[in-house]
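Heads up, the thing below is written out as structure tokens.
The values are calculated or read from the model by the stated rules, or taken from the named source; none is laboratory data. From a predicted model like this one, the values you see are computed outputs, not experimental measurements. Glycine also receives a Cβ, built like all others from the backbone with ideal geometry; neighbour counts cover every protein chain displayed. These area figures cover heavy atoms from the full protein model, side chains too; ligands, DNA and RNA do not enter into them. Shrake-Rupley method; radii C 1.70, N 1.55, O 1.52, S 1.80 Å.
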Amino acid sequence: MVLDHDQEEYVNGKGVQDYLQQPTFTDVNEERQHGKQRLAAAFRLFARFGFSEGTAGHVTYRDPEFKDHLWVNPYGKPFSEMKTTDLVLVNDQGEVVEGNYSIHKSAFMIHSAVHKARPDVIASAHAHPIYGKTWSVSGRLLDPLTQDSCAFYNDHSVLDEFSGVVYEEKEGEKVAEALGNNKAVLLRSHGPLTVGQSVDAAAFWFITMERSCQSQLLAEAAGIVNPIDPTNAELTAQQVGREKDGWENFQPLWERIVNAQPDLLK
């Protein structure tokens, strides 16, 4: 039986269920715990991919009950040691209302502005990985050089200014404005920020954007920049850049990190 999941190409045998089933919830506490576990896993994966640098970087998860509250990593806690119970909940004033740790001011200023401007965003991710922050210096969009980078074709933007660490509300609003309705924005001389309707999608978009930045930098250094034509870039974006694609591509990473580091679920 061929399953036509909006042009998705995979085949199941008769009576065999799709392995990748996005969960639904009837209990808000169960949904919250699910999201927090995904959030902790995202940090462990970011550590594995080398995205951590000192205290920089945050991933946020909108609480499913208190929609103006965000779960976020505590200030100074290593990504590589993050557990579900380490996460803190902050309200729309930046006050920690649950958890035993403080948060970085820039985490609130950036992510609260994004979540406020985009009610559809459940999670947002930002860090300072080497290729993403290097490419951001260019002030340019990524070209559709590869199938993977087409996920961002006509779906990412650039904030082409830098004015220091984001400590002011108006600076966070600039980030949200530059992001617009896209899934990602490159903050010049700073790094990428990605969003999604799940922690899974936001985290995967960040991971694949970093690798797309790496690919672009390597291609330009080798002098072989040859973008995919607009028609096929747009077609490919519809095949690999959907919200469900972000969620699905995170699942093998989730399984790998949970099997290797089950303590993150505590």
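What the table shows:
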{"read-out": "Rough spin-label spacing in nm, given labels placed 7 Å along Cα→Cβ, for Leu265 and Lys105", "value": "3.9 nm"}
{"read-out": "Largest-first ordering by accessible area, 1.4 Å probe, given options Thr55, Thr84", "value": "Thr55, Thr84"}
{"read-out": "Entries of Lys36/Lys116; Lys183/Lys244; Lys77/Lys174; Lys105/Lys133; Lys116/Lys183 with Cα pairs more than 22 Å apart", "value": "Lys77/Lys174"}
{"read-out": "Derived scalar couplings ³J(HN,Hα) [segment 163-174; Karplus, 6.51 cos²θ - 1.76 cosθ + 1.60; whole Hz; x for Gly, Pro]", "value": "9, x, 4, 7, 10, 10, 4, 5, 6, x, 5, 5"}
{"read-out": "Accessible surface of segment 49-188, 1.4 Å probe, proportion on carbon and sulfur as whole %", "value": "47 percent"}
{"read-out": "Using θ = phi - 60° and Karplus 6.51 cos²θ - 1.76 cosθ + 1.60, couplings along segment 89-99 (whole Hz; Gly, Pro as x)", "value": "10, 10, 8, 6, 9, x, 8, 6, 10, 8, x"}
{"read-out": "Label-point separation, Arg256 to Glu234 (7 Å along Cα→Cβ), nm", "value": "3.4 nm"}
{"read-out": "Fraction of accessible area attributable to carbon and sulfur, segment 202-245 (%, probe 1.4 Å)", "value": "56 percent"}
{"read-out": "Nearest-10 value in Å² for the accessible area of Ser112, using the 1.4 Å probe", "value": "30 Å²"}
{"read-out": "Residue order for Ile257, Ile130, Ile122 - accessible surface, 1.4 angstrom probe, largest first", "value": "Ile130, Ile122, Ile257"}
{"read-out": "For Ile103, residues with placed amide H under 5 Å, excluding near neighbours", "value": "Tyr75"}
{"read-out": "Sparse-neighbourhood loop sites, GluC sites (Glu not before Pro) in segment 153-212 - DSSP loop, at most 14 other Cβ within 10 angstrom", "value": "Glu161, Glu168"}
{"read-out": "Calculated FRET efficiency for the pair Gln214/Lys170, C-beta based, R₀ 45 Å, to 0.05", "value": "0.90"}
{"read-out": "Two-site label geometry, Lys116 and Glu95: point separation in nm, points 7 Å out along Cα→Cβ", "value": "1.6 nm"}
{"read-out": "Karplus-derived 3J(HN,Hα), 6.51/-1.76/1.60, for each residue of segment 125-135, Hz, glycine and proline x", "value": "10, 8, 8, 10, x, 4, 6, x, 6, 5, 5"}
{"read-out": "Residues whose placed amide H lies under 5 Å from that of Val158, excluding near-sequence neighbours", "value": "Leu186"}
{"read-out": "Dipole axis of segment 120-266 (+1 Lys, Arg; -1 Asp, Glu on Cβ), positive-most option in Ala222, Ser149, Phe204", "value": "Ala222"}
{"read-out": "Per residue accessible area of the chain, 1.4 Å probe, in Å²", "value": "48 Å²"}
{"read-out": "Surface accessible to a 1.4 Å probe, Trp71 within the full protein complex, Å²", "value": "0 Å²"}
{"read-out": "Segment 77-123: Cα Rg divided by the 2.2 N^0.38 Å rule of thumb", "value": "1.21"}
